[in-house]
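Worksheet: the structure to be examined is printed underneath.
The values are calculated or read from the model by the stated rules, or taken from the named source; none is laboratory data. Since the model is a prediction, treat every value here as computed from it, not as a measurement. Here Cβ is always computed from backbone atoms with ideal geometry, including for glycine, and neighbour counts include all displayed protein chains.
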Amino acid sequence: PELAYMCKADRIDLKEPVGLQLGTKGSRTRINYGARATLQVGMLKQSQYFDVVDIDKYDLILGTMFCRKHNIVLDFAKDQVLVDGERVALFRPE
């Protein structure tokens, strides 16, 4: 929620909350809000819908469908990310 606020994303109140099963057994939450914001990664820039959920230590998670659509490759051996074949600069916290 904080990232959506900081990005000045257009908040969308969902009429019906959506259940979200997290990675551990019995861990669940509900998605109550969505947001539409402009996402820019390398040369890719587009308006994108996001589900807004408070998940500890994560600002943003890009889903499998988004990654497949834009041919996103995470190359850990070379410490790089490719979007549609273009290398994208990585953010490294100090």
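General observations
- For Ile31, the requirement of being farther than 21 Å from Ala89 by Cα and in contact with a Leu (Cβ under 6 Å, 6 or more places away or on another chain) is met.
- For the range 61-88, the set of residues classified as farther than 25 Å from Ala4 by Cβ and free of Cβ contacts under 8 Å to residues at least 40 places away in the same chain consists of Asn71, Val73, Asp75, Phe76, Ala77, Lys78, Asp79, Gln80, Leu82, Gly85, listed by residue number.
- Taking the criterion of being surrounded by 10 or more Cβ atoms within 10 Å (Cβ to Cβ) and of a type in the set (Val, Ile, Thr), the residues of the range 19-37 that qualify are Thr29, Ile31.
- Residue check for Gly42: within 28 Å of Arg87 (Cβ to Cβ), surrounded by 11 or more Cβ atoms within 10 Å (Cβ to Cβ) and not charged (D, E, K, R): yes
- In the condition set (1) out of contact with any Gly (no Cβ under 8 Å at 6 or more places or on another chain); (2) modelled with pLDDT of 85 or more; (3) of a type in the set (Phe, Trp, Tyr), Tyr5 is compliant with all but (2).
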